[in-house]
């Protein structure tokens with residue numbers, strides 16, 4: 001199945017490049033999100049419910065995806081590879097991430113008000129009073145962070161699982177994507193039901209975040225960026241997101257700052273339009289590197 005797994009990665013990358021993402025009305029992740037929405041409310045026992053959600057829903061998503069992939073493989077290995085490619089496409093995002101980040105950066109030079117609206121697709125922070133340079137920082141930070149959770153994490157899960165079988169790889173990618181989606185929807189201090197989802201996501205993202213940092217340092221042709229990033233990697237409250245963001249800040253020698261939360265590479269300047277565009281380019285190269293790395297893992 002190693003050839004089928006590599007083929008599925010190639011199909012996923014090709015679909016991502018051509019279409020960016022599924023239409024929202026048929027996107028499996030959007031379906032999953034709609035299933036989670038009714039659970040985002042007050043519960044008499046929020047911790048128990050939250051733990052059930054965090055454990056049960058990703059397992060359910062993985063079981064469905066893995067079963068469909070297993071059926072497809074039983075029909076024909078080529079059909080199985082095509083289905084696996086669709087799952088890779090559904091659970092990852094690179095082209096869309098890059099295009100939104102690039103749009104925000106370009107708009108900071110021509111229409112900051114529009115940039116404040118566009119950046120909301122990347123960040124959860126308040127954007128109404130962000131200056132153009134703060135908007136560029138937010139776009140670069142989010143591109144680096146989302147490289148880890150939106151691409152590297154599901155790709156690694158797929159590649160490692162595919163060493164067992166194509167269906168296990170598909171199930172792994174779906175499980176990781178479900179864990180990450182639950183964290184993005186429920187994993188806030190203001191939502192007691194999301195505590196378990198946030199902690200599980202922290203565990204799941206440990207390896208992908210650090211793998212992303214290595215890929216960013218390689219893409220930025222800056223091996224020393226990893227050593228420098230260690231100084232600032234714990235500045236964000238997340239145990240993982242600081243690694244890719246700090247590595248990109250070091251590789252580009254720019255400061256990345258979230259007001260009231262963290263500063264990465266504090267002695268450098270905030271990104272200009274040109275440096276921010278370079279940051280997105282480095283994220284894109286790192287994303288391609290992730291596909292290559294995972295292809296090697298699946299093949300070996």
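Could you please let me know if residue 96 is in contact with a helix residue (DSSP H, G or I) (Cβ under 9 Å, 6 or more places away or on another chain) and either surrounded by 14 or more Cβ atoms within 10 Å (Cβ to Cβ) or without any contact (Cβ under 8 Å) to a residue 12 or more places away in the chain (or both)? Talk me through it step by step, then tell me what you get.
Numbers: in contact with a helix residue (DSSP H, G or I) (Cβ under 9 Å, 6 or more places away or on another chain): yes; either surrounded by 14 or more Cβ atoms within 10 Å (Cβ to Cβ) or without any contact (Cβ under 8 Å) to a residue 12 or more places away in the chain (or both): yes.
For residue 96, the condition - in contact with a helix residue (DSSP H, G or I) (Cβ under 9 Å, 6 or more places away or on another chain) and either surrounded by 14 or more Cβ atoms within 10 Å (Cβ to Cβ) or without any contact (Cβ under 8 Å) to a residue 12 or more places away in the chain (or both) - is met.
Could you pull out the residue among 213, 250, 167 that is under 30 Å from residue 71 (Cβ atoms) and at pLDDT 95 or above?
Values: 213 fails: under 30 Å from residue 71 (Cβ atoms); 250 fails: under 30 Å from residue 71 (Cβ atoms).
Matching residue, one of 213, 250, 167: 167.
Kindly list the number of the only condition in (1) at negative phi; (2) modelled with pLDDT of 95 or more that fails for residue 20.
(1)
Could you list, in sequence order, the residues of region 123-140 that are in a helix (DSSP H, G or I) and within 21 Å of the chain's Cα centre (by Cα)?
Start the filter on region 123-140 by keeping residues that are in a helix (DSSP H, G or I), which leaves 132-140.
Within region 123-140, 135, 136, 137, 138, 139, 140 meet the criteria.
For region 99-118: of the residues being under 21 Å from residue 286 (Cβ atoms) and without any contact (Cβ under 8 Å) to a residue 60 or more places away in the chain, which is nearest to the chain's Cα centre (by Cα)?
The residue in question is 100.
Consider region 25-52. How many of its residues are assigned to a helix (DSSP H, G or I) and in contact (Cβ under 8 Å) with a residue 40 or more places away in the chain?
Adding up the residues that qualify gives 12.
Per-residue answers, yes or no, for (1) over 19 Å from the mean Cα position of the chain (by Cα); (2) closer than 24 Å to residue 175 by Cβ; (3) surrounded by fewer than 17 Cβ atoms within 10 Å (Cβ to Cβ):
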| position | (1), (2), (3) |
| --- | --- |
| 63 | yes, yes, yes |
| 71 | yes, yes, yes |
| 74 | yes, yes, yes |
| 77 | yes, yes, yes |
| 83 | yes, yes, no |
| 86 | no, yes, no |
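For region 1-24, give me each residue that is assigned to a loop (DSSP other than H, G, I, E, B) and closer than 16 Å to residue 78 by Cα. Please lay out each step first, then the result.
Taking region 1-24 and keeping what is assigned to a loop (DSSP other than H, G, I, E, B), we get 1, 20-23.
Within region 1-24, just 1 meets the criteria.
One line per residue, one yes/no per condition, for (1) surrounded by fewer than 22 Cβ atoms within 10 Å (Cβ to Cβ); (2) at negative phi:
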position: 234; (1), (2): yes, yes
position: 245; (1), (2): no, yes
position: 254; (1), (2): no, yes
position: 257; (1), (2): yes, yes
position: 260; (1), (2): yes, no
position: 267; (1), (2): yes, yes
position: 270; (1), (2): yes, yes
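Kindly indicate whether residue 55 is at pLDDT 95 or above, within 17 Å of residue 182 (Cβ to Cβ) and assigned to a helix (DSSP H, G or I).
When the stated conditions are applied, residue 55 passes them.
Filter region 186-203 for residues that are assigned to a helix (DSSP H, G or I) and either in contact with a strand residue (DSSP E or B) (Cβ under 6 Å, 6 or more places away or on another chain) or surrounded by fewer than 18 Cβ atoms within 10 Å (Cβ to Cβ) (or both) and give the result. It would help to see each step written out before you state the result.
Initially, region 186-203 is screened for residues assigned to a helix (DSSP H, G or I), giving 186, 192-203.
Across region 186-203, the qualifying residues are 192, 199, 202, 203.
The values are calculated or read from the model by the stated rules, or taken from the named source; none is laboratory data. Predicted model only: the values in this text are computed from it and were never measured. Neighbour counts are summed over all protein chains in view; Cβ atoms, including those assigned to glycine, are modelled from backbone coordinates with ideal geometry.
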